[in-house]
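Inspection log for the structure reproduced underneath, given as structure tokens.
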Amino acid sequence: MPNMFDSVAGFGVTLSTMFKRPITEGYPESAAPTAPRYHGRHQLNRYPDGLEKCIGCELCAWACPADAIYVEGGDNTENERYSPGERYGSVYQINYLRCIGCGLCVEACPTRALTMTNEYEMADDNRAGMIYEKDQLLAPLQPGMQAPPHPRAPGATDADYYRGNVNPAPEVS
């Protein structure tokens, strides 16, 4: 049979916490900063001239244990060049309903085209909205970059692109 003092002790805990100031977070208004190496949303990077680093090799898709990445490679032509090499990722999708954020895809990428940002707000009320397409994953164009397709930087070789010794594309008027 329960003791009467047990009930009073329970009410005592309730009364002692009822008048304390609540501990809340102002999340939607002020988001907490993430750790510098936090693994959030993926990003497809670009070279300084604006060409894409992704060569459509599909190694990221093969490395993904959750099968969350889909890549289709396409061939570059001299008239339409999206990356400096022979191929580029014509279709690139990441299904964030499946992604576990492990980063194995980043480790598998031979050109460092795929990295992970600090962005963590990826909620959606639609399942189709959680499948990010290439245009959502591509890094934004910085000043001095030219949107692909365009030719390689004048005089730049494969080794220059590999080492990152590529100057931004000249302004086209």
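Each value in this text was obtained by applying a stated rule to the coordinates, not by laboratory testing. As the structure is a prediction and not an experimental result, all values here were calculated from the model. Heads up, the Cβs are rebuilt from the backbone with ideal geometry, glycines too, and the neighbour counts pull from every protein chain shown.
Points to keep in mind about this one:
- For the stretch 39-154, the residue among Gln93, Leu137, Asn118 whose Cα projects farthest onto the positive side of the dipole built from Cβ charges is Asn118.
- Ranked for footprinting exposure by Cβ neighbours inside 10 Å, fewest first, Ile23, Ile94 give Ile23, Ile94.
- Residues in the stretch 71-105 reached by a label modelled at Asp160 [backbone nitrogen below 17 Å; 7 Å Cα→Cβ]: 81-86
- Unit charges on C-beta of K, R, D, E only; dipole of the stretch 1-70, Debye: 240
- Share antiparallel - DSSP beta bridges, the chain, percent rounded to 5: 95
- Among Pro33, Gly155, Cys57 the positive-end extreme of the charge dipole of the chain (Cβ point charges): Pro33
- Contact order for the chain, expressed relative to its length and based on alpha carbon pairs under 8 Å spaced 6+ residues apart, stands at 28 percent.
- Relative packing of peptides 51-62, 105-116, 154-165 - highest average C-beta neighbours within 10 Å first: 51-62, 105-116, 154-165
- Given their separation in residues at 0.36 nm each and the Cα-Cα distance between them, Glu86 and Asn3 gain 21.8 nm when the chain is fully extended.
- With the gyration tensor restricted to C-alpha atoms of the stretch 86-132, the semi-axes of the equivalent ellipsoid amount to 22, 14, 9 Å, longest first.
- Only the Cβ atoms of Lys and Arg (+1) and of Asp and Glu (-1) were treated as charged; on that basis the dipole of the stretch 39-154 about its Cα centre amounts to roughly 240 debye.
- Between the helical axis of 4-18 and the longest alpha-carbon principal axis of the chain there is an angle of about 40 degrees.
- In this label model, Gln142 and Tyr120 are separated by 2.6 nm, measuring between points 7 Å along each Cα→Cβ vector.
- Applying D = kT/(6 pi eta Rh) to the stretch 1-159, where Rh is the Kirkwood radius over alpha-carbon pairs, T corresponds to 4 °C and eta to 1.567 mPa s, the Stokes-Einstein value obtained is 68 µm²/s.
- Cysteines not pairable in the chain (beta carbon separation under 4.7 Å absent): Cys54, Cys57, Cys64, Cys99, Cys102, Cys109
- Gain on full stretching of the segment that runs from Ala128 to Glu58 - 0.36 nm per residue minus C-alpha separation: 23.0 nm
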